[in-house]
Amino acid sequence: MIVEERVLGHIAKAQTEDVSPFYIYDTQAIRKKCDDFSSIPYRNKSIHFATMANINPEFLAIVKDANLNVFVNSLKHLESVKEGGFKGPEIVFTSSAMSENVMKSVFDENVQVNLDSVGQLELWQKLFPEKAVGIRCNIGGMVKPYSTRAGFFLGKESRLGLTVDEIKGIANKHIIKGLHLYIGTDIFDIDYFIGCYRALIELSHDFPELEYLNFGGGFGVSEQGDEFFDIKTYGEKVSALMEEVSLKRGNSIQMILEPGRIIGGESGYFVCQVTDIKERENQVFVGVNASTAQFTRPLIYPESANHPVVIIRNGALLEAENQVNTTIYGCSTYSRDIFCKGKQLPRLSIGDLVIFANSGSYCASSYCEFLGFDKPKEVFI
Ligand SMILES: Cc1ncc(COP(=O)(O)O)c(C=O)c1O
């Protein structure tokens with residue numbers, strides 16, 4: 001079942017003549033993902049939810065209650081997580097091209113900082129001499145990088161992090177207390193994660209004062225809703241790796257993870273209502289009372305974003321029979337305001353509720369004002 005029974009019941013009850021678009025989240029399912037990460041056997045670890053995936057205060061409260069920490073990449077999100085009760089090293093701040101003012105602000109908050117370039121490291125050392133810090137590493141030269149949905153995060157084509165040569169060339173290696181890595185997004189191949197981590201570990205031998213290895217996020221959520229990232233197997237493999245590193249160094253190195261999409265991706269749904277239907281040759285265009293400016297993954301990734309669709313009619317699930325080639329479009333004049341193209345769906349009617357699954361991450365948080373639609377309400381059940 002792509003939509004949890006409990007969630008379906010709640011949405012079905014909500015069906016009235018006119019339903020404004022909204023997000024609905026399954027709190028228990030979010031909590032379960034947090035617990036799955038906390039259950040990774042390696043003890044000296046800290047799991048930091050990547051808040052760009054969802055910055056809603058209620059979402060942050062679930063994450064906090066599950067004893068996860070947070071990772072942010074901007075001062076605005078830093079403020080949001082502080083309001084949510086996170087402080088100091090519970091917050092990882094990793095960004096790029098930080099100005100002096102941003103550096104001073106994060107320094108004052110005593111958060112864990114990872115710097116993105118040689119220039120940023122020089123600026124940091126000038127502002128805060130001898131203050132230990134982490135660096136973001138582009139280990140592309142040591143592995144065969146994957147191109148993930150958002151392109152390359154490693155290798156020559158990535159703008160992020162210090163290259164292997166730059167890392168080796170750092171003069172004051174003793175001020176580096178952590179190495180940070182982010183290998184890409186929506187990856188299911190556990191061996192790729194581990195291979196990249198091994199490359200980072202190889203680099204870490206040059207850093208005598210190392211306290212942590214931050215392996216970032218990137219854990220896959222499937223577009224079809226038919227594949228699930230195996231956190232248990234991943235946890236066993238990464239734990240064995242960390243035990244090996246700590247043993248070799250003779251001291252316990254902290255492992256940091258920054259899961260984003262996986263924490264709430266499968267636990268959130270976007271709901272809108274059919275408001276118009278156009279019959280065309282070999283396909284049906286279905287208009288809804290929402291815009292992709294309110295549900296942006298199809299806008300950002302028109303070629304690859306794909307959210308399983310479930311329909312509710314008169315309070316009940318619509319059977320997937322007599323399917324037709326359907327394109328669901330938003331209620332604006334923007335030609336690319338398209339939720340999905342050429343999906344096989346039952347013939348829809350005005351008033352039907354359309355539920356887009358796998359919408360708990362990078363959806364509500366990337367709402368934009370372009371086109372002039374309201375930020376949808378977010379409901380947690
Ligand atoms: C540095 C860093 N860590 C973690 C994440 C979260 O990634 P994901 O949602 O793929 O797990 C991101 C997302 O862009 C990131 O840039």
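Going through the stretch 212-221 one residue at a time, which ones are assigned to a loop (DSSP other than H, G, I, E, B) and free of Cβ contacts under 8 Å to residues at least 60 places away in the same chain?
The answer is Phe215, Gly216, Gly220.
Taking the stated definitions as given, is Ser291 under 17 Å from Cys363 (Cα atoms) and outside the structural domain of Val221 (by TED's automatic domain parsing)?
Yes; evaluated as a whole, the condition is true for this residue.
If the requirement is being outside any strand (DSSP E or B), within 24 Å of Val7 (Cβ to Cβ) and either assigned by TED's automatic domain parsing to the domain that holds Val19 or within 16 Å of the ligand (Cβ to nearest atom) (or both), which of these qualifies: Glu369, Glu321?
From the options Glu369, Glu321, the qualifying one is Glu321.
Do we have Gly225 as modelled with pLDDT under 95 and either within 15 Å of the ligand (Cβ to nearest atom) or under 29 Å from Ser267 (Cα atoms) (or both) here?
Against the criterion (modelled with pLDDT under 95 and either within 15 Å of the ligand (Cβ to nearest atom) or under 29 Å from Ser267 (Cα atoms) (or both)), Gly225 qualifies.
Can you run down the residue pairs with Cβ atoms below 8 Å, 6 or more apart or on separate chains, where the first is in the stretch 239-259 and on the phi > 0 side of the Ramachandran plot and the partner is at pLDDT below 95 and away from the ligand (no atom under 16 Å from the Cβ)?
Every condition considered, no pair remains.
For the stretch 225-302, which helices (runs of 4 or more DSSP H) that fit wholly inside it have 2 or more residues that are buried (at least 24 other Cβ atoms within 10 Å of the Cβ)?
Where helices (runs of 4 or more DSSP H) fall fully within the stretch 225-302 and carry at least 2 residues being buried (at least 24 other Cβ atoms within 10 Å of the Cβ), they are 261-264.
Criterion first (more than 16 Å from the ligand (Cβ to nearest atom) and assigned by TED's automatic domain parsing to the domain that holds Lys177) does Leu115 satisfy it?
no
How many residues are basic (Lys, Arg) and within 14 Å of Val271 (Cα to Cα) when one looks only at the stretch 300-359?
Residues that pass the stated criteria total 1.
Can Ile24 be described as buried (at least 22 other Cβ atoms within 10 Å of the Cβ), within 20 Å of Glu90 (Cα to Cα) and either not charged (D, E, K, R) or not assigned by TED's automatic domain parsing to the domain that holds Leu241 (or both)?
no
Condition check ((1) more than 16 Å from the ligand (Cβ to nearest atom); (2) among the polar types (S, T, N, Q); (3) closer than 22 Å to Lys168 by Cβ) across all residues:
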| site | (1), (2), (3) |
| --- | --- |
| Asp189 | no, no, no |
| Phe193 | no, no, no |
| Tyr212 | no, no, yes |
| Phe215 | no, no, yes |
| Glu236 | yes, no, no |
| Ala240 | yes, no, no |
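Given the stretch 1-109, what strands (runs of 3 or more DSSP E) lie entirely inside it while holding 3 or more residues that are more than 19 Å from Ser365 (Cα to Cα) and at pLDDT 95 or above?
Passing ranges, in order: 45-50.
Residues of the stretch 1-59 being among the hydroxyl-bearing types (Ser, Thr, Tyr), in contact (Cβ under 8 Å) with a residue 24 or more places away in the chain and within 20 Å of Val288 (Cα to Cα), which ones?
Ser20, Tyr23
Test each condition in (1) part of a loop (DSSP other than H, G, I, E, B); (2) of a type in the set (A, V, I, L, M, F, W, C); (3) crowded, with 18+ Cβ neighbours inside 10 Å for Cys340 and report the one that comes out false.
(1)
The values are calculated or read from the model by the stated rules, or taken from the named source; none is laboratory data. The structure presented is a predicted model; accordingly, all values stated were derived computationally and were not measured. Every residue, glycine as well, gets a Cβ built from its backbone with ideal geometry; the counts of neighbours run over all protein chains shown.
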